[in-house]
Amino acid sequence: MDLTGAQRLHGHVDDGWKIVGRIDSDPESTGGNFSVGYLVEHESGERGFLKALDFERALGEPDPAGVLEFLTASFNYERMLLERCGTSNLTKIVKVRSSGTVRLDEDTPPVQYLILELAEADIRAHVDAMQGLDAVLLMNALHDVALGLQQLHNNRMAHLDVKPSNVLVFAPTLTKIGDLGRGLHRSSPAPYQEEVIVGDPSHAPPELLYGEIDPDWQKRHHACDAYLLGSLTMFLFCGVSTTPMLLSRISKQHQPEVWPYGYREVLPLVREVFGQIMLEAEGSLHVDIRQSIAGTVRELCEPDPSVRGHPRNRAGAQLDQYGLERYVAQFNLLAHRAELRLLTSLRE
């Protein structure tokens, strides 16, 4: 099979960036079938990650014109979100370094691309490699992710696809959120905004899996991001995200794809299963962090979105129920405590 233009960019130079190597797409990537990743180097020596939109692959779809329109609109929307993040100096969101269009020859459709900051790896590789420093690194990572989501929310945006593969590590104490390809801005309609589940269904909160949609933009999307932060916490300390654990325990007749009724009717069962999961998770956590981490996951991943979030936020009528500022502070405190425990153990 002939390679598409997006697959033939190796060696190309544009805007001072040279494409030096192909990066295979991640199996967890949401909507990654129509993009190609590359390692690029700037003439200044900086390295980056190039995401090229593969128009030609869309031509093989049953509705190529519709797919092309959707892909172009989604790509431009992601670029707009990234540019707004850069303009607003959102420090915990991966920055866009350049963007443009490449035309290889007259017979090849143009290839649009984004060049982003290049991370060392996503958090999964670092979790696999961590030994004695794990608590410090994990708490720092969760602090950065919580802060990144708070920055997005404060700027009328939501991520909606936070998962381990989108948590990028740049240094032991610097983590950023990547892939805004399914993000939303409250004032700017997105081509996929009417989808019930905007991000990866395998990580989505249970209310969305069962089709329950809050008509309030902020409540719906902030509740989703809060759940995803809790699910990430579960993954980092227990090895599995919350949604896969829930779905593996729910009986076949109560699974989202076959349940014929509303979410409120199945919610008591989902909460019961979640409670069992949390009891097991607590038992696997180190005593020093058991209460704080388990409590955080319980609050953020609560299956009932009406009681999800920090208790103090839910008690204040003027507060964002799903506000993350308290979790930002909590993870920061836990990171400092983990550092102190590590230093103490090294001195003994």
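Less than 28 Å apart at the alpha-carbon level, and either on another chain or at least 8 residues along: which lysines does that give for K51? Hits, sequence-local ones excluded: K18, K92, K95, K163, K176. For the stretch 78-169, the convex hull drawn through the C-alpha positions has a volume of 120 cubic angstrom per residue.
Could you tell me what % of all Cα pairs in the stretch 117-248 have separations over 26 Å? Spell out each step's value before the answer.
Values: 1829 of 8646 pairs.
Of all Cα-Cα pairs in the stretch 117-248, 21 percent lie more than 26 Å apart.
With R₀ set to 41 Å, the beta-carbon distance separating R103 from V258 gives a calculated FRET efficiency near 0.25.
Would you calculate the convex hull of the Cα atoms in the stretch 140-208 and tell me its volume per residue in Å³? Numbers along the way, then the final one.
Numbers: hull volume 6.5 nm³, N = 69.
Roughly 94 Å³ of hull volume per residue.
How large, in percent, is the carbon and sulfur part of the accessible surface of the stretch 214-309 at a probe radius of 1.4 Å? With neighbouring chains kept in place, the figure for the stretch 214-309 is 54 percent. Note on the stretch 180-239: Cα Rg divided by 2.2 N^0.38 Å, N the number of residues, gives 1.16. Principal-axis analysis of the Cα atoms of the chain puts helix 217-238 at an angle of about 80° to the longest axis.
Could you work out [θ]222 nm for the chain from helices alone, using -39500 (n - 2.57) per DSSP H run of at least four and dividing by all its residues? Round to the nearest 500 deg cm²/dmol. If you can, show how the numbers build up before the last one.
Numbers: 11 runs with 151 residues, N = 348.
Mean residue ellipticity at 222 nm (helix-derived): -14000 deg cm²/dmol.
For chymotrypsin sites (Phe, Trp or Tyr not before Pro), the sites in the stretch 189-276 that DSSP calls loop and that have at most 13 other Cβ atoms within 10 Å are Y261.
Full extension of the chain segment joining S284 with W217 gains 20.5 nm, where the gain is 0.36 nm per residue of separation less the Cα-Cα distance.
For the stretch 192-340, the alpha-carbon coordinates run over 51, 35, 27 Å along the three principal axes, in decreasing order. Applying Stokes-Einstein at 25 °C and 0.890 mPa s to the Kirkwood radius of the chain, computed over alpha-carbon pairs, gives a translational diffusion coefficient of 115 µm² s⁻¹.
Restrict the search to the stretch 96-184; then list the GluC sites (Glu not before Pro) that DSSP places in a loop and that have at most 14 other Cβ atoms within 10 Å of their Cβ.
Numbers: sites: E106, E117, E120; in loops: E106, E120.
Listed in order of number, the matching sites are E106, E120.
For L333 and L247, what is the calculated FRET efficiency with R₀ set at 35 Å and r taken between the beta-carbons, to the nearest 0.05? Provide the component values of the computation, followed by the final result.
Numbers: r = 33 Å, r/R0 = 0.93.
Efficiency at R0 = 35 Å is approximately 0.60.
Could you tell me the calculated FRET efficiency between H42 and N155, based on Cβ-Cβ distance and R0 = 25 angstrom, to the nearest 0.05? Computed FRET efficiency for H42 and N155: 0.35.
The values are calculated or read from the model by the stated rules, or taken from the named source; none is laboratory data. If you're wondering where the values come from, they're calculated on a predicted model, not measured in any experiment. Note that each Cβ is placed from the backbone with ideal geometry, even for glycine, and that neighbours are counted across all protein chains shown. These area figures cover heavy atoms from the full protein model, side chains too; ligands, DNA and RNA do not enter into them. Shrake-Rupley method; radii C 1.70, N 1.55, O 1.52, S 1.80 Å.
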